[in-house]
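Taking it in order: structure first as structure tokens, then the write-up.
The values are calculated or read from the model by the stated rules, or taken from the named source; none is laboratory data. Being a predicted model, the structure only gives us computed values, none of them experimental. Cβ sites come from the backbone with ideal geometry, for glycine too, and all protein chains shown count toward neighbours. What goes into the accessible areas is simple: the full protein's heavy atoms, side chains included, and nothing from ligands, DNA or RNA. Shrake-Rupley method; radii C 1.70, N 1.55, O 1.52, S 1.80 Å.
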Amino acid sequence: MAHIWQASHIWQASHIWQASHIWQALRTGRWLTASRIRGYSLILLGLSVLAVVGWVALSDGMVDRNGKPLGTDFSSFYAAGSLVLDGRAAEAYGMAAHYAREQQIFGVSTPYYGWLYPPIFLLIASPLAALPYPLALAVWQTAGFALYLAVVGCIARRMRTPDTAQGPLWLLIAAAFPAVLINLGHGQNGFLSAGLLGAALLALPARPVAAGVLFGLLAYKPQLAMVLPIALLAGGQWRSILAAGVTVLALVGLSSLLFGAELWLAFAASLETSRKLLLEQGDVGFEKLQSVFAAVRLWGGGIPLAYAVQAVASAAVLGGVAWTWRSQADRDLKAALLVVAALLASPHVIDYDLTILAVAIAFFTRHGFARGFRDYEISILAAAWIVPLLARGTAGVTGVPLGLLILLAFYGIILRRAIRDRASEEHETELAQA
């Protein structure tokens, strides 16, 4: 009995020590070494390349093994653009006509992929539709990926790291980011959104007009762009606001001139249908959506309750953005907070939209290298990097909205950092004046 008690006591002590050690590692972030980052990134990048190459190789022309078009959602962009080229632009917002065009291109058994974007996105979709579909998809993905990498690289280039040789590592991290594979698989616009948003935030405050133009170009994705006016107003970025407004008006005018002003009426009429089917009824799958609204619906909550909880969350998130952008917080913190808030404030965020998280991770990491990392920040950054790979599956199997929880944690550490940095600066000012 004494031997059994002693073995049990040793096991319990070892177990407690190990748990304490793990918790300490998570708190300090020392577990995430450069060699581990490189190793994890190389593994995920290699698997992603194999997945893409294998999926394309096993496809039957433009259709994959599941009977879906390669690039899935991009087939919607291509079909809408082809209708414009045929002089039938307004039919892009008619589900029957749009689906008929998809079936004409990809076969009668193809699933329907809706066209949900404002007419200004046809300025991109139409030229792409003039190309053969495989070439159009390749151009869309390659150009977007190059923009995404270039912007993340520009953020990382200004990063003051302990080891200056780590610079190229950031391109590997960005390329291996799991949201990249998701965006590639869906043929979606996450690369474009991340590139425009990151470039605009880099341009502020030195080039406010250029930043405003880039912000204005994000109008094709209004659910992610609604946080921008709050931040720019709070920060007093009047030239950027004016430039963004002029850009949006120019895009509306150009699309109306090229495609007809009635196209905007057709777009407005399609909004209610898309809202009911894709958001409220969850035809896209609540496990794919990464919002507060989707979490309430995933747990069985009603539509009114989901809207109410989302409204409260959005108001709180936007309030934090307004406070931070009005303060003297570091610009990298402001940029990171805005990106995460753009995801949290919208009820319609799908896991491929998490591509823009790469921008937030890069900005916050740059701030951390410049001023030091605080407790749990490195571990939460790592969680934000890996969560796109896990969010959909975890929510579908367990009902736990892991993506939303990590977004909330990430938002929390950025806001906490802004508050603590401000308190430290005020304390230093008081000491200097004493």
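Laid out as a table, the results:
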quantity: Positive-end residue of A129, I182, L357, charge dipole of the chain with Cβ unit charges; calculated: L357
quantity: Ranking by accessible area, most exposed first, for W23, W115, W385 with a 1.4 Å probe; calculated: W23, W385, W115
quantity: Calculated FRET efficiency for the pair W23/I419, C-beta based, R₀ 22 Å, to 0.05; calculated: 0.35
quantity: CD proxy at 222 nm, helix term only [per DSSP H run n ≥ 4: -39500 (n - 2.57); per residue of the chain; nearest 500]; calculated: -23500 deg cm²/dmol
quantity: The stretch 103-154: C-alpha gyration tensor shape, a/c 1.5 cut-off, then a/b vs b/c; calculated: prolate
quantity: Nearest-0.05 FRET efficiency for W55 and R157, computed from C-beta distance (R0 25 Å); calculated: 0.15
quantity: Solvent accessible area, Å² - V400, 1.4 Å probe, full protein context; calculated: 60
quantity: Solvent accessible area, Å² - E280, 1.4 Å probe, full protein context; calculated: 20
quantity: In Hz, Karplus ³J(HN,Hα) per residue of the stretch 174-183 (6.51, -1.76, 1.60; θ = phi - 60°; x = Gly, Pro); calculated: 5, 5, 8, 3, x, 5, 4, 5, 4, 5
quantity: S109 paired with M95, simple spin-label distance in nm, labels 7 Å along Cα-to-beta-carbon; calculated: 2.3
quantity: List E91, E377, ordered by accessible area with a 1.4 Å probe, largest first; calculated: E91, E377
quantity: Gaussian network model of the chain, springs between alpha carbon atoms under 10 Å - residue of V152, V248, V180 with greatest fluctuation; calculated: V248
quantity: Among A295, A360, A51: highest mean-square fluctuation, GNM of the chain, C-alpha pairs under 10 Å; calculated: A51
quantity: Area accessible to solvent at D86, 1.4 Å probe radius, in Å²; calculated: 90
quantity: Residue order for M159, M226 - accessible surface, 1.4 angstrom probe, largest first; calculated: M226, M159
quantity: Heavy-atom accessible surface of the stretch 255-410: percent carbon and sulfur, 1.4 Å; calculated: 66
quantity: Furthest towards positive pole of dipole, V309, L405, I378, structure part the chain, Cβ charges; calculated: I378
quantity: ³J(HN,Hα) computed for each position of the stretch 381-389 - Karplus, 6.51 cos²θ - 1.76 cosθ + 1.60, integer Hz, glycine/proline x; calculated: 4, 5, 5, 5, 6, 8, 4, x, 6
quantity: Accessible area per residue in Å² at 1.4 Å probe, computed on the stretch 69-128; calculated: 34
quantity: Dipole of the chain, positive direction: furthest Cα of Q24, A200, A219, with charges on the beta-carbon; calculated: Q24
quantity: Spin-label model distance (nm) - L47 vs D375, 7 Å beyond Cα toward Cβ; calculated: 3.2
quantity: Between helix 208-217 and the chain: long-axis angle, C-alpha atoms, 0 to 90°, nearest 10; calculated: 60
quantity: Enclosed volume per residue, in Å³, of the convex hull spanned by Cα atoms of the chain; calculated: 192
quantity: Amide hydrogen neighbours beyond the local backbone of V63, cut-off 5 Å, H modeled; calculated: L70
quantity: Net lengthening on full extension, A268/T142 (0.36 nm per residue, minus Cα-Cα); calculated: 42.2 nm
quantity: Unit charges on C-beta of K, R, D, E only; dipole of the stretch 73-221, Debye; calculated: 480
quantity: Nearest 10 degrees, 0 to 90: helix 34-57 Cα axis against the chain principal axis; calculated: 20
quantity: Degrees separating the helix 190-203 axis from the principal Cα axis of the chain, which is the longest one; calculated: 60
quantity: Whole-Hz ³J(HN,Hα) from phi, Karplus 6.51 cos²θ - 1.76 cosθ + 1.60, for the stretch 308-322, glycine and proline x; calculated: 5, 5, 4, 4, 5, 5, 4, 4, 5, 5, 5, x, x, 5, 4
quantity: Rounded, prolate or oblate (a/c below 1.5 giving rounded, otherwise prolate when a/b exceeds b/c) for the stretch 224-365 by Cα gyration tensor; calculated: oblate
quantity: Three-way shape call for the stretch 310-365 based on the alpha-carbon gyration tensor, with the a/c threshold at 1.5; calculated: oblate
